[in-house]
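These notes are about the structure you will find just below.
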Amino acid sequence: MSIAESRREQMFPCFTDAQIAAAGRFAPDGPRGFAPNEILFGLGTRETAAWLVVEGSIDLVRRQPFGDEVLIANLGRGQVSGEIGQLSGGATLALGRAGPAGCKALCFDPPHLRALVIGSAEIGEVVMRAFILRRVGLIASAAGPVLLGHPGSLEFVRLEGLLTRNGYPHHGIDAGAAEGVGIMKQMGLAAGDLPLMICPDGQVLKRPSEAEAGVCLGLTPKLDPATIYDVAVVGAGPAGLATAVYAASEGLAVLVLDARAVGGQAGASARIENYLGFPTGISGRALAGRAFSQAQKFGAVVAIPEEAARLDCGDAPHAPTD
């Protein structure tokens, strides 16, 4: 039995009327109505709100690679859309559509969604568990972008590593297999176009760099040069993510930069036995995933893959002096 089957009630919990009323305090605009089959959010869109159904239903849909739509879930009263990436305004991996009878739903944009999970311990615990399990389910179902190329080649492994280490669902297709050959003919591709990435929003990238892939997939947030952060963390390893969690939980504006993936070197470890709080050990990827989710919960901005070119202290009080 898959995780999606065994823990479906936790993936798609149903709030009571009292919990809906409590959550409504974090949705200042009140319920919004949608016509039958109206789109609430599309695939690959950023800064998408999570929606709590109060009347009617919402269909969550993902697309098969080069195929038909697949229904993930039909959300009824008391159920909420979204997954862990939406806490930070990341690109959506599913499409949300009002059901056949339409719906009314409460809107939680990323800031109000974070306020909800932090401000209500009871609801926040349920929502965080559901969002994390949904991301796990999406990874298992190979939702997300399609990678077309030659598995084992340097460029294919580089892109696949970017997605895998950052917990981003994807589907790989061997360009030398029958399916891959057919796709290349259909799209008019040459060997020099590989590896190819097809993003959830339909963008097609030929031989993308990690930076190009990060922007297309929403891994890399849109940074405003005019924004001043209280804390800048270079490196998203365990120490960097811990710093982000501690600082962001105190209300500071935090930016985390990493050139490759969350977890740093520890993220590639099969088993970590000496990290505080895990007496039976934990894999590096699992530890990084938990820390990353926690940083997102408190609103830390994590930019991957991004590099810090230099540190300019200027006239800051902590600048070194001669």
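Give the percent of DSSP beta bridges with both residues in the chain that are antiparallel, rounded to the nearest 5.
Close to 75 percent.
Just check the range 126-230 against the gyration tensor rule for me: Cα atoms, a ≥ b ≥ c as the square roots of the eigenvalues, rounded for a/c under 1.5, and otherwise prolate or oblate depending on whether a/b exceeds b/c.
Verdict is oblate for the range 126-230.
Using the Cβ atoms and a cut-off under 9 Å, what net charge is assigned to the surroundings of ARG97, where Lys and Arg are +1 and Asp and Glu are -1?
-2
Taking 0.36 nm per residue of sequence separation and subtracting the Cα-Cα distance, how much length would be gained by fully extending the chain between LEU311 and GLN265, in nm to one decimal?
Computed gain between LEU311 and GLN265 is 14.3 nm.
Accessible area of the chain with a 1.4 Å probe: how many percent of it is carbon plus sulfur?
Within the chain, the accessible surface is 54 percent carbon and sulfur.
Quick one: grab the alpha carbon gyration tensor of the range 129-190, order the square roots of its eigenvalues as a ≥ b ≥ c, and give me rounded if a/c is under 1.5, else prolate or oblate depending on whether a/b is larger than b/c.
Prolate, since a/c reaches 1.5 and a/b exceeds b/c.
Could I have the simple spin-label model distance between ASP68 and LEU276, label points 7 Å from Cα toward Cβ, reported in nm to one decimal?
The modelled label-to-label distance comes out at 5.4 nm.
Give me the lysines in straight-line cross-link reach of LYS185: C-alpha distance below 30 Å, same-chain residues under 8 apart excluded.
The reachable lysines, counting only those whose Cα sits under 30 Å from LYS185, are LYS206.
What residues of the range 130-163 lie in the reach of a label at VAL181, counting those whose backbone N is under 17 Å from a point 7 Å from the Cα along Cα→Cβ?
149-151
When only C-alpha pairs under 8 Å and at least 6 residues apart count, what is the relative contact order of the range 84-192, in percent?
Contact order relative to length: 21 percent.
As an exercise, use a Förster radius of 30 Å and the Cβ-Cβ distance of GLU9 and ILE228 to find the FRET efficiency, rounded to the nearest 0.05.
It comes out at approximately 0.10.
If a/c stays under 1.5 just call it rounded; otherwise compare a/b with b/c (prolate if a/b is bigger, oblate if not). Do that for the range 171-291, with a ≥ b ≥ c from the square roots of the Cα gyration tensor eigenvalues.
Verdict is oblate for the range 171-291.
Can you pull the one-decimal nm distance between simple spin-label points at ALA211 and HIS171, each 7 Å off the Cα toward Cβ?
So the two model labels end up 3.1 nm from each other.
Rank-order 275-282, 22-29 by packing density, defined as the average count of other C-beta atoms within 10 Å over each peptide's residues, highest first.
22-29, 275-282
What is the range 172-224's relative contact order, in percent, from Cα pairs under 8 angstrom and six or more apart in sequence?
19
Given only helices, namely DSSP H runs of n ≥ 4 each adding -39500 (n - 2.57), what is the per-residue ellipticity at 222 nm of the chain, to the nearest 500 deg cm²/dmol?
Only helices count here, giving -9500 deg cm²/dmol.
What are the aspartates and glutamates whose alpha-carbon lies under 20 Å from the alpha-carbon of LYS222, with same-chain residues fewer than 8 places away excluded?
The qualifying aspartates and glutamates are GLU47, GLU83, ASP109, ASP201, GLU210, GLU212, ASP230, ASP258, GLU306, GLU307.
For Rg/Rh (Cα atoms, Kirkwood Rh), one of (i) 1.13; (ii) 0.98; (iii) 0.96 was computed from the structure I shared and the rest are decoys. Which label?
Label (ii) holds the value from this structure.
Given a 1.4 Å probe and heavy atoms of the protein chains only, how would you sort HIS150, HIS112, largest accessible area at the top?
Ranked from most to least accessible, the order is HIS150, HIS112.
Restricting to Cα pairs below 8 Å that are 6+ residues apart, what does the relative contact order work out to for the chain? Please round to a whole percent.
Computed value for the chain: 15 percent relative contact order.
The values are calculated or read from the model by the stated rules, or taken from the named source; none is laboratory data. The structure presented is a predicted model; accordingly, all values stated were derived computationally and were not measured. Methodologically, a virtual Cβ is constructed for each residue, glycine included, from the backbone with ideal geometry; neighbour enumeration extends over all protein chains shown. For the accessible areas, the whole protein counts, side chains as well, though only heavy atoms, and no ligand, DNA or RNA atoms are used. Shrake-Rupley method; radii C 1.70, N 1.55, O 1.52, S 1.80 Å.
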